[in-house]
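Visitor: Dropping a structure here in structure tokens format, bear with me for questions.
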Amino acid sequence: MKETKKRSKLLLLTAAMVIVLAACGGNDKNSTGNSNNVGQDKVVQTENPENTKEDEPLKPNGEIAETKKFTDWTGHEVEVPVDPKRVIFHGETTGDLLALGVKPVGILKSNVDGSVYDEQLKSAEDVGFPFNLEKAMTLNADLIIFGNADAAQYEQISKVAPTVTFDTFASLEDRMRTLGELFGKQEEAEKWLADYDLQLKDMWKQLHDAGIGQDETASVFTMYPGERLFAMARTGLSQVLYEKDGFKPTPAIQQALDQDQGFVELSMEKLPEFAGDRIFILTPIDKEAVQDIEQLLESSIWKSLPAVKSGKVYTFHILEAYSDAISREWIAKNLPKVLIS
């Protein structure tokens, strides 16, 4: 129970940070959905067709769908469609579904707009932050994937359609295999993972052949509005950089990794302890955060860092270098272009 609460809190914090950085505003509460607001939403009850079970999924034409039992991240055993057609995904790693050929009809837009795959989801509807129950009802979903462990929100959302919780902070391999099982696409998931592994090996070979990455440390930083500086650990670009064939984390970042943290907030004075031989900056959309980064880059502490002095600083958009499968492919393709001059 303590571990589930810990992971839920981490999910909430990461989602809030990305949403504020990528969606131009919002508060700095650490939540993917505010459980205090859930009770204010209208709980929509569905009327069951005659002679059907309360939790039995329906096809869009009203026919009873073939189902299977699926045990989700937080232990719910859910009767889900064998072949879901209208999926809502509310979480940070929407690209995982796209990698398996699944296009959701409802998404958390603030975690998609500005991503490397946003054009693929122009027709998807925004189900909001926090999750908008009434909007979800209009989408006639036959499956909802909820990237959160909040029990109160789950109880509300599961009234709309069969709902499974999903750990978006799990490893890429675990996430793809879980979705493969959920959608009956196990072979597709394994093929994607095998192809991605080859792509990564090719990427590291290119970098190593250029004398980059071996025995070097690297750091990923971003800013939160209010001059709040973060070093990334188990999320986004850093997950790729710290692969077994990749860069090494600094001791301070290694401590965060050992504690299973997605990121860690640090003071400007601590910056030299976190800064590696190469530094990556994730640029947010939020104007205040962008200004904070500009001030950071002009500071004396920043300019004194060895990586800065040697010109080994690189910039990515925060939603380009994200954790999902499609973004990972983009990183593997583009990292050598950025690092090899």
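The values are calculated or read from the model by the stated rules, or taken from the named source; none is laboratory data. In this text, all values refer to a predicted model and were calculated from it rather than measured experimentally. Cβ coordinates were reconstructed from backbone atoms using ideal geometry, including for glycine residues, and neighbour counts include every protein chain displayed. For the accessible areas, the whole protein counts, side chains as well, though only heavy atoms, and no ligand, DNA or RNA atoms are used. Shrake-Rupley method; radii C 1.70, N 1.55, O 1.52, S 1.80 Å.
Visitor: Consider the range 184-224. How many of its residues are open to solvent by less than 60 Å² (accessible area, probe 1.4 Å), among the charged types (D, E, K, R) and not in a loop (DSSP other than H, G, I, E, B)?
Guide: 0
Visitor: Could you please tell me which pairs satisfy a Cβ distance under 8 Å, a separation of 6+ or placement on different chains, a first residue in the range 278-303 that is farther than 23 Å from Leu335 by Cβ, and a second residue that is assigned to a helix (DSSP H, G or I) and among the charged types (D, E, K, R)?
Guide: Within 8 Å, the pairs are Ile301/Glu269; Lys303/Lys309.
Visitor: Moving on. Go through the range 107-163 residue by residue and tally those that are within 21 Å of Phe70 (Cα to Cα) and not acidic (Asp, Glu). Working first, answer last.
Guide: First pass over the range 107-163, keeping only residues within 21 Å of Phe70 (Cα to Cα): 140-163.
Next cut, not acidic (Asp, Glu) only: 140-141, 143-149, 151-154, 156-163.
Residues that pass the stated criteria total 21.
Visitor: Ok, one more. Kindly provide the set of residues from the range 94-115 that are of a type in the set (Val, Ile, Thr) and at pLDDT below 95, ordered by number.
Guide: Once the filter is applied, which keeps residues that are of a type in the set (Val, Ile, Thr) and at pLDDT below 95, the range 94-115 yields only Val112.
Visitor: Moving to a separate point now. Collect the residues in the range 162-178 that are touching a strand residue (DSSP E or B) at 6+ places or on another chain (Cβ under 6 Å) and either open to solvent by 30 Å² or more (accessible area, probe 1.4 Å) or hydroxyl-bearing (Ser, Thr, Tyr) (or both), keeping them in residue-number order.
Guide: Thr163, Thr165
Visitor: With (1) at pLDDT 50 or above; (2) crowded, with 19+ Cβ neighbours inside 10 Å; (3) polar (S, T, N, Q) as the list, and Thr71 as the residue in question, which single condition is left unmet?
Guide: (2)
Visitor: Can you report the number of residues in the range 124-142 which are in a loop (DSSP other than H, G, I, E, B) and charged (D, E, K, R)?
Guide: Summing the residues that are in a loop (DSSP other than H, G, I, E, B) and charged (D, E, K, R) in the range 124-142 gives 1.
Visitor: I've got another one for you. Do you know which residues across the range 270-322 are modelled with pLDDT of 95 or more and part of a loop (DSSP other than H, G, I, E, B)?
Guide: Matches in the range 270-322: Ala275, Gly276, Asp277, Glu298, Ser299, Ser304, Leu305, Ser310, Gly311, Lys312.
Visitor: OK, next. Could you please find all residues in the range 101-123 being part of a loop (DSSP other than H, G, I, E, B), open to solvent by 10 Å² or more (accessible area, probe 1.4 Å) and touching a Lys or Arg at 6+ places or on another chain (Cβ under 9 Å)?
Guide: Gly101, Val102, Val105, Ser123
Visitor: Could you grab me the full set of residues in the range 167-196 that are hydroxyl-bearing (Ser, Thr, Tyr) and under 20 Å from Val78 (Cβ atoms)?
Guide: Taking the range 167-196 as the starting set, the residues that turn out to be hydroxyl-bearing (Ser, Thr, Tyr) are 168, 171, 178, 196.
Within the range 167-196, Thr168, Thr178 meet the criteria.
Visitor: Considering every residue within the range 143-151, establish whether at least one is in contact (Cβ under 8 Å) with a residue 40 or more places away in the chain and part of a helix (DSSP H, G or I).
Guide: Within the range 143-151, one or more residues are in contact (Cβ under 8 Å) with a residue 40 or more places away in the chain and part of a helix (DSSP H, G or I).
Visitor: For residues in the range 225-269 being assigned to a helix (DSSP H, G or I) and not hydrophobic (A, V, I, L, M, F, W, C), which is least open to solvent (accessible area, probe 1.4 Å)?
Guide: Taking the candidates together, the pick is Ser238.
Visitor: Here is a follow-up. Cβ-Cβ distance below 6 Å, separation of 6 or more or different chains: which pairs start in the range 314-341 with a residue that is closer than 14 Å to Ile212 by Cβ and end on one that is of a type outside the set (Asp, Glu) and part of a strand (DSSP E or B)?
Guide: Pairs that qualify, where the first residue is closer than 14 Å to Ile212 by Cβ and the partner is of a type outside the set (Asp, Glu) and part of a strand (DSSP E or B), are Tyr314/Phe280; Val338/Tyr314.
Visitor: Among the residues of the range 270-280, write down those that are surrounded by 15 or more Cβ atoms within 10 Å (Cβ to Cβ) and not acidic (Asp, Glu).
Guide: Passing the criteria: Lys270, Leu271, Phe274, Ala275, Gly276, Arg278, Ile279, Phe280.
Visitor: Let me ask you something else. The conditions are (1) open to solvent by 30 Å² or more (accessible area, probe 1.4 Å); (2) out of contact with any Gly (no Cβ under 9 Å at 6 or more places or on another chain); (3) part of a loop (DSSP other than H, G, I, E, B), and Glu181 fails exactly one of them. Which is it?
Guide: Going through the list (1) open to solvent by 30 Å² or more (accessible area, probe 1.4 Å); (2) out of contact with any Gly (no Cβ under 9 Å at 6 or more places or on another chain); (3) part of a loop (DSSP other than H, G, I, E, B), Glu181 breaks only (3).
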